[in-house]
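One structure is given below, encoded as structure tokens.
The values are calculated or read from the model by the stated rules, or taken from the named source; none is laboratory data. Predicted model only: the values in this text are computed from it and were never measured. Here the Cβ is made from the backbone with ideal geometry for all residues, glycine too, and neighbour counts use every protein chain on show. Accessible surface areas use protein heavy atoms only, side chains included; no ligands, DNA or RNA. Shrake-Rupley method; radii C 1.70, N 1.55, O 1.52, S 1.80 Å.
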Amino acid sequence: IDLYMMECACQLLRHWIDFGIEPVPISVNQSKLLLLNPIYFNVITTTIEKYNLPPQFIEVEITETIMYENAAVLNDLIAKLHMYGIRVAIDDFGSGYSSLVLLRDIKADVLKIDKAFIYKAEKDTVGKKILSSIIQLADTLNMQILAEGVETENQLNMLADLGCHEVQGYLFGKPVPAQTFAQEFRKD
């Protein structure tokens with residue numbers, strides 16, 4: 001299903017470009033089994049080339065649990081993805097057993113902080129201090145920081161105060177079909 005979703009993302013991006021809609025990068029979750037497959041890089045790049053897309057519009061999302069399997073193989077893949085122009089994000093950071101070793105060992109571009117972490121930080125001063133430290137650390141490592149699941153102005157303000165300036169969540173809109181999204185962003 002991961003490869004099918006990558007294909008759908010590429011089709012959608014090609015459609016947007018063909019119809020004069022300014023494309024935005026699309027993040028696609030990829031499973032551990034697929035990422036550790038030696039043919040993964042060739043399959044992904046072939047799909048992107050099939051649709052004649054600039055690779056910077058694709059972001060591969062990996063969950064923190066994969067990092068513990070085989071960091072060397074994963075970093076080799078990430079290096080290839082970077083050289084090709086694809087960004088890599090660590091998704092749902094803070095939802096499991098997050099480790100600072102992960103941030104040291106995996107060369108990702110984006111750290112996506114899980115909404116559960118944000119909820120805890122909103123209600124607990126210790127959680128807020130930890131969230132602040134993670135944001136500062138990721139910034140020091142030149143990683144883009146994105147907070148997921150932002151639903152309230154209070155959360156948005158807290159994140160801004162902590163130095164996190166990229167957020168997503170219901171505060172800004174609920175998921176919509178691709179056609180509805182495209183209509184909102186069509187170039188005129």
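Given the residues Ser99, Ser95, Ser133, which is the only one that is modelled with pLDDT under 90, open to solvent by 50 Å² or more (accessible area, probe 1.4 Å) and not aromatic (Phe, Trp, Tyr)?
Just one listed residue meets the conditions, Ser95.
So which residues in the range 69-86 are part of a helix (DSSP H, G or I), under 24 Å from Leu53 (Cβ atoms) and out of contact with any strand residue (DSSP E or B) (no Cβ under 8 Å at 6 or more places or on another chain), if there are any at all?
Hits for the range 69-86 are Asp76, Leu77, Ala79, Lys80, Met83, Tyr84.
Look at Leu171 and say whether it is closer than 23 Å to His82 by Cβ and surrounded by fewer than 17 Cβ atoms within 10 Å (Cβ to Cβ).
It is false that Leu171 is closer than 23 Å to His82 by Cβ and surrounded by fewer than 17 Cβ atoms within 10 Å (Cβ to Cβ).
If we keep just the residues of the range 8-60 that are acidic (Asp, Glu) and within 15 Å of Ile86 (Cβ to Cβ), which is most open to solvent (accessible area, probe 1.4 Å)?
Our first condition is that a residue be acidic (Asp, Glu); within the range 8-60, this holds for 18, 22, 49, 59.
Now drop any that are not within 15 Å of Ile86 (Cβ to Cβ), which leaves 49, 59.
Values: Glu49: 113, Glu59: 14 Å².
Only one residue tops the list, namely Glu49.
Please work out which one of (1) in a loop (DSSP other than H, G, I, E, B); (2) open to solvent by 20 Å² or more (accessible area, probe 1.4 Å); (3) under 18 Å from Gly169 (Cβ atoms) is the condition Val150 fails and give its number.
(2)
For Asn157, indicate whether it is of a type in the set (S, T, N, Q) and over 28 Å from Lys32 (Cβ atoms).
yes
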